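Participant: Please read through the structure below; I'll follow up with questions.
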Amino acid sequence: MYSSNITGKIWENEWGRKVLYNHGTCHSKGVMILLNPKLDCQIDEEVRDKNGRFLGARITLHDVQIVLANVYAPNDTTHQVLFLKEIQKLLSNFAQEKIITGGDFDFALSLNVKDEGNPASKKLLDIKEIDNLCHLYSLCDIWRFLNLTAKQFPWRNKSFLKSSVSLITF
(Lines give C-alpha, C1' and ligand atoms only; values in the text may rest on other atoms or scores of the structure.)
Protein backbone atom coordinates (compact mmCIF):
# COMPACT_ATOMS: atom_id res chain seq x y z
CA MET A 1 0.00 0.00 0.00
CA TYR A 2 1.28 3.45 -0.82
CA SER A 3 0.57 6.56 1.20
CA SER A 4 -1.76 9.35 0.19
CA ASN A 5 -3.78 12.01 1.96
CA ILE A 6 -6.62 9.49 2.26
CA THR A 7 -4.46 6.72 3.78
CA GLY A 8 -2.81 9.34 5.99
CA LYS A 9 -6.18 10.20 7.56
CA ILE A 10 -6.95 6.49 8.02
CA TRP A 11 -3.58 5.96 9.73
CA GLU A 12 -4.21 8.96 12.00
CA ASN A 13 -7.55 7.48 13.08
CA GLU A 14 -5.94 4.09 13.72
CA TRP A 15 -2.89 5.57 15.48
CA GLY A 16 -4.85 7.98 17.66
CA ARG A 17 -2.71 11.00 16.93
CA LYS A 18 -1.64 13.19 14.04
CA VAL A 19 0.66 11.23 11.71
CA LEU A 20 3.45 13.15 9.99
CA TYR A 21 4.14 11.98 6.46
CA ASN A 22 5.70 12.95 3.18
CA HIS A 23 4.18 10.91 0.38
CA GLY A 24 6.28 9.40 -2.35
CA THR A 25 4.74 7.95 -5.48
CA CYS A 26 2.41 4.97 -5.75
CA HIS A 27 5.51 2.86 -6.53
CA SER A 28 8.26 4.18 -4.27
CA LYS A 29 9.49 6.56 -1.62
CA GLY A 30 7.52 8.09 1.22
CA VAL A 31 8.48 8.69 4.86
CA MET A 32 6.51 8.97 8.07
CA ILE A 33 6.99 9.94 11.71
CA LEU A 34 4.69 8.43 14.33
CA LEU A 35 4.62 9.98 17.78
CA ASN A 36 3.21 7.94 20.65
CA PRO A 37 -0.36 9.19 21.27
CA LYS A 38 0.46 9.33 25.01
CA LEU A 39 3.52 11.54 24.45
CA ASP A 40 2.82 15.06 25.71
CA CYS A 41 4.47 17.14 23.00
CA GLN A 42 3.61 19.92 20.60
CA ILE A 43 4.36 19.69 16.86
CA ASP A 44 5.71 23.15 16.03
CA GLU A 45 6.89 22.86 12.43
CA GLU A 46 7.10 20.32 9.62
CA VAL A 47 9.60 20.34 6.72
CA ARG A 48 9.43 18.13 3.62
CA ASP A 49 11.38 17.71 0.44
CA LYS A 50 9.41 17.55 -2.80
CA ASN A 51 10.27 13.90 -3.57
CA GLY A 52 8.91 12.07 -0.53
CA ARG A 53 12.42 11.29 0.76
CA PHE A 54 12.73 13.65 3.75
CA LEU A 55 10.44 14.64 6.58
CA GLY A 56 11.47 16.81 9.49
CA ALA A 57 9.45 18.01 12.47
CA ARG A 58 10.33 20.43 15.24
CA ILE A 59 8.55 19.34 18.40
CA THR A 60 8.48 20.71 21.92
CA LEU A 61 8.76 18.07 24.62
CA HIS A 62 8.89 19.19 28.26
CA ASP A 63 9.86 22.73 27.20
CA VAL A 64 12.73 21.42 25.03
CA GLN A 65 12.70 21.76 21.26
CA ILE A 66 13.80 18.66 19.36
CA VAL A 67 13.98 18.11 15.62
CA LEU A 68 12.98 14.65 14.38
CA ALA A 69 13.77 13.67 10.81
CA ASN A 70 13.10 10.59 8.70
CA VAL A 71 15.20 9.96 5.59
CA TYR A 72 14.79 7.58 2.66
CA ALA A 73 17.84 8.14 0.47
CA PRO A 74 18.12 7.21 -3.20
CA ASN A 75 20.22 4.12 -3.90
CA ASP A 76 22.60 5.43 -6.54
CA THR A 77 25.65 7.55 -5.75
CA THR A 78 24.87 10.51 -7.99
CA HIS A 79 21.41 10.99 -6.52
CA GLN A 80 22.63 10.26 -2.97
CA VAL A 81 25.18 13.06 -3.04
CA LEU A 82 22.60 15.56 -4.34
CA PHE A 83 20.09 14.33 -1.77
CA LEU A 84 22.58 14.71 1.11
CA LYS A 85 23.26 18.28 -0.03
CA GLU A 86 19.51 18.91 -0.02
CA ILE A 87 19.27 17.55 3.54
CA GLN A 88 22.00 20.02 4.55
CA LYS A 89 19.82 22.86 3.27
CA LEU A 90 16.65 21.49 4.89
CA LEU A 91 18.39 21.12 8.26
CA SER A 92 20.03 24.56 8.10
CA ASN A 93 17.06 26.14 9.90
CA PHE A 94 17.65 23.75 12.80
CA ALA A 95 21.44 24.01 13.03
CA GLN A 96 21.50 24.97 16.72
CA GLU A 97 18.86 22.48 17.84
CA LYS A 98 18.85 18.88 19.04
CA ILE A 99 18.39 16.69 15.95
CA ILE A 100 17.44 13.00 15.87
CA THR A 101 17.47 11.40 12.43
CA GLY A 102 16.42 7.91 11.42
CA GLY A 103 15.71 6.19 8.17
CA ASP A 104 17.45 4.49 5.28
CA PHE A 105 20.62 6.10 3.94
CA ASP A 106 21.31 2.99 1.77
CA PHE A 107 25.08 2.82 2.25
CA ALA A 108 27.70 2.08 4.87
CA LEU A 109 29.23 5.16 6.45
CA SER A 110 32.75 3.77 6.46
CA LEU A 111 34.97 1.66 4.24
CA ASN A 112 35.84 -0.37 7.35
CA VAL A 113 32.42 -1.87 8.02
CA LYS A 114 30.99 -2.93 4.65
CA ASP A 115 31.97 -6.41 3.52
CA GLU A 116 29.26 -7.60 1.11
CA GLY A 117 27.55 -6.32 -2.02
CA ASN A 118 28.99 -3.40 -3.92
CA PRO A 119 32.33 -2.22 -2.56
CA ALA A 120 32.12 0.78 -0.24
CA SER A 121 34.89 2.38 -2.31
CA LYS A 122 32.15 3.16 -4.87
CA LYS A 123 30.48 5.29 -2.21
CA LEU A 124 33.41 7.59 -1.37
CA LEU A 125 31.52 10.71 -2.46
CA ASP A 126 28.52 9.65 -0.37
CA ILE A 127 30.69 9.00 2.68
CA LYS A 128 32.38 12.39 2.25
CA GLU A 129 28.99 14.13 1.99
CA ILE A 130 27.51 12.39 5.04
CA ASP A 131 30.68 13.19 7.00
CA ASN A 132 30.18 16.83 6.02
CA LEU A 133 26.54 16.70 7.13
CA CYS A 134 27.53 15.14 10.46
CA HIS A 135 30.21 17.77 11.00
CA LEU A 136 27.88 20.68 10.17
CA TYR A 137 25.17 19.60 12.60
CA SER A 138 27.20 17.69 15.21
CA LEU A 139 25.54 14.42 14.25
CA CYS A 140 26.79 10.89 14.81
CA ASP A 141 25.65 7.38 14.00
CA ILE A 142 25.00 6.28 17.59
CA TRP A 143 24.70 2.59 16.70
CA ARG A 144 28.07 2.62 14.95
CA PHE A 145 29.57 4.68 17.80
CA LEU A 146 28.54 1.95 20.25
CA ASN A 147 29.59 -0.89 17.89
CA LEU A 148 32.77 0.46 16.26
CA THR A 149 34.11 -2.76 14.76
CA ALA A 150 30.92 -4.78 14.29
CA LYS A 151 30.25 -6.05 10.77
CA GLN A 152 26.54 -5.80 11.45
CA PHE A 153 23.79 -3.71 9.98
CA PRO A 154 20.22 -3.07 11.07
CA TRP A 155 19.05 -4.54 7.76
CA ARG A 156 20.44 -7.22 5.46
CA ASN A 157 19.03 -8.05 2.04
CA LYS A 158 19.10 -11.87 2.05
CA SER A 159 18.18 -12.32 -1.60
CA PHE A 160 21.09 -10.18 -2.82
CA LEU A 161 23.45 -10.93 0.08
CA LYS A 162 24.40 -7.34 0.53
CA SER A 163 24.43 -5.19 3.63
CA SER A 164 23.31 -1.66 4.01
CA VAL A 165 22.76 0.85 6.73
CA SER A 166 19.01 1.14 7.02
CA LEU A 167 18.59 2.82 10.35
CA ILE A 168 20.83 5.59 11.52
CA THR A 169 20.17 7.60 14.61
CA PHE A 170 22.10 10.81 14.79
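The values are calculated or read from the model by the stated rules, or taken from the named source; none is laboratory data. Bear in mind the structure is a predicted one, so any value in this text is a computation, not a measurement. Heads up, the Cβs are rebuilt from the backbone with ideal geometry, glycines too, and the neighbour counts pull from every protein chain shown.
Participant: Conditions: (1) assigned to a helix (DSSP H, G or I); (2) in contact with a Gly (Cβ under 9 Å, 6 or more places away or on another chain). Residue 28 meets all but one. Number of the miss?
Facilitator: (1)
Participant: Further question on the same structure: I need a count of the residues in segment 124-151 that are of a type in the set (S, T, N, Q) and assigned to a helix (DSSP H, G or I).
Facilitator: Matching residues across segment 124-151 total 1.
Participant: Additional query: For the subset of segment 1-27 comprising residues that are of a type in the set (Ser, Thr, Tyr) and in contact (Cβ under 8 Å) with a residue 24 or more places away in the chain, which member is surrounded by the fewest Cβ atoms within 10 Å (Cβ to Cβ)?
Facilitator: 25
Participant: Something else now. What is the residue count in segment 75-113 for residues that are buried (at least 18 other Cβ atoms within 10 Å of the Cβ), modelled with pLDDT of 85 or more and either of a type in the set (Phe, Trp, Tyr) or part of a loop (DSSP other than H, G, I, E, B) (or both)?
Facilitator: Summing the residues that are buried (at least 18 other Cβ atoms within 10 Å of the Cβ), modelled with pLDDT of 85 or more and either of a type in the set (Phe, Trp, Tyr) or part of a loop (DSSP other than H, G, I, E, B) (or both) in segment 75-113 gives 2.
Participant: Now, a different point. Can we say residue 143 is over 15 Å from residue 80 (Cα atoms), at pLDDT below 75 and among the aromatic types (Phe, Trp, Tyr)?
Facilitator: no
Participant: Right, something else. Output the residues belonging to segment 10-31 that are charged (D, E, K, R) and at pLDDT 90 or above.
Facilitator: 12, 14, 17, 18
Participant: Kindly list, by first and then second residue, each pair from a residue in segment 80-96 that is within 19 Å of residue 29 (Cβ to Cβ) to a residue that is among the small types (Gly, Ala, Ser) and part of a loop (DSSP other than H, G, I, E, B), limited to pairs with Cβ atoms under 6 Å and residues at least 6 apart or on different chains.
Facilitator: Between residues of segment 80-96 that are within 19 Å of residue 29 (Cβ to Cβ) and residues that are among the small types (Gly, Ala, Ser) and part of a loop (DSSP other than H, G, I, E, B), the close pairs are 80/73; 83/73.
Participant: Could I ask something else about it? Being under 15 Å from residue 42 (Cα atoms) and of a type outside the set (Val, Ile, Thr) is the filter here; which residues of segment 61-88 pass it?
Facilitator: Passing the criteria: 61, 62, 63, 65, 68.
Participant: Within segment 32-53, is even one residue at pLDDT 90 or above, part of a helix (DSSP H, G or I) and either more than 22 Å from residue 89 (Cβ to Cβ) or among the polar types (S, T, N, Q) (or both)?
Facilitator: So the first thing to find is which residues in segment 32-53 are at pLDDT 90 or above, and the list is 32-53.
After this cut, where a residue has to be part of a helix (DSSP H, G or I) as well, the list is none.
Scanning segment 32-53, I find no residue that is at pLDDT 90 or above, part of a helix (DSSP H, G or I) and either more than 22 Å from residue 89 (Cβ to Cβ) or among the polar types (S, T, N, Q) (or both), so the answer is no.
Participant: Continuing with the same structure: Contact list please: Cβ distance under 8 Å, first residue in segment 123-137 and modelled with pLDDT under 85 and of a type in the set (Asp, Glu), second residue buried (at least 17 other Cβ atoms within 10 Å of the Cβ) and not in a helix (DSSP H, G or I), pairs at least six apart or on different chains.
Facilitator: Close Cβ pairs (under 8 Å, with a partner that is buried (at least 17 other Cβ atoms within 10 Å of the Cβ) and not in a helix (DSSP H, G or I)) amount to 126/107.
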